[in-house]
Amino acid sequence: MNATVNALPANTSASAGSRGSQGVWSAAWRRLRGDRLGMACLWVVAVFLGLVLATGLGLIASGWQKEVGVPNAPPSFMGPAPAEASQAAQGPRGPNVDLSDIDPLAPRYAEWEAKARSFKTEDLVKQETLPFGGDRLGRDVLSKVLKGAEVSIMVGVLAALVATLIGTVLGALSGFFGRRVGDFLEWVYNVFTAVPDILLIFAFAAIFGRGVLPVVMILGLAGWTGVYRLVRAEFIKHSSREYVRAAEAIGASRSSRMFRHILPNVSHVTLVQLSLLVVRFIKSEVILSYLGLGVSVDQVSWGTMLAEAQSELILGYWWQLTAVAVCMAVFVTAFALFTDALRDALDPKLRGLE
């Protein structure tokens, strides 16, 4: 009887220990699922990323450059634009004048006209209205918005990955080694932070030029300082803890202690910073493309569409600006709210670990 009574607390403690030993990521996912707003924003972000993937594969918006509608075609719910009351004034028509005396090529005009008629040309019937309207060339605004989302979101994600990688590696080296390595990296950090971000971006833009890859490198090289500062502080704090000293005592190398022991315990910082940088770099790419320093002229992004819509808005064609503004606002707001929910789910203070 005593053995049975004594065994009950042991089993209870074992089950409690198994519950307490739940992984960090599974616990964070459980907390995130409990946040309804965060999960709703996650679904919105997932839908946008799915559209970006489909656009990249050419499943949708592959013909965004085709002039499928009349110039400045209004949205479908507005109906076709009213016909102009009068056509442009034309000069008086009279009988054709014989130019054979003054134009030596005049006798060949009839021959050339007959040859021109022999070639078959395809006249595309342009639509009077489009779902989200058309631009000044008659291109579908909906297709342009989806293609622009592909470029802007891809640039934001890739640039955030580059900046996070640079900041994490340099922050780990500075926080773990300190001394001369730390002093040198602190000097590099102070040089980058001493220059205003916008001037630094413009300087890199003058060096790398225009295009998707140059914009990714520009934003990545200009935006790693925040990640570096946080990761450096975390490595300084964790490098003197017991589990790191125990790893050193059993002969673990410096790289193993840095990237196999400390880095997984500070990964929540890098993940949150990565998501914050995505929103920041999407905005930066839009500004660069709006100013003509972003993607090349044969590409489209949200920034280039805003630049086009500026001149169209003066003439009363508001639909391209509205489509870009709504799509950008929805994605950026959803991603920012999802980042807040992710930060709450990964915060060690909320998990009771610190």
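The values are calculated or read from the model by the stated rules, or taken from the named source; none is laboratory data. Because the structure is predicted, anything quoted here is derived from the model rather than measured. As a convention, Cβ positions derive from the backbone with ideal geometry for all residues, glycine included, and neighbour counts pool all protein chains shown. Side chains included, ligands, DNA and RNA excluded: accessible areas come from the protein's heavy atoms. Shrake-Rupley method; radii C 1.70, N 1.55, O 1.52, S 1.80 Å.
Here the calculated FRET efficiency for ALA233 and VAL326, from their Cβ-Cβ distance with R0 = 45 Å, stands at 0.70, rounded to the nearest 0.05. For the pair PHE192 and ALA249, the difference between a 0.36 nm per residue extended length and the Cα-Cα distance amounts to 16.8 nm.
Calculation over all alpha carbon pairs of region 269-322 in 5 angstrom steps from 0 returns a P(r) of 5, 20, 21, 17, 16, 10, 6, 3, 1, 0 percent. Taking amide H as placed 1.01 Å from N in the peptide plane, ASP140 has its amide H under 5 Å from the amide H of VAL68, each at least 5 places away in sequence or on another chain.
Amide H contacts under 5 Å for GLN127: GLY69, VAL70, restricted to partners 5 or more places along the chain or on a different chain, H placed in the peptide plane at 1.01 Å from N.
The string of couplings for region 288-293 from the Karplus curve (6.51, -1.76, 1.60, θ = phi - 60°) is 4, 5, 5, 7, x, 10 Hz, one whole number per residue in order, with x for Gly and Pro. Computed in the context of the full set of protein chains, the accessible area of region 221-301 at 1.4 Å probe radius has 56% of its extent on carbon or sulfur.
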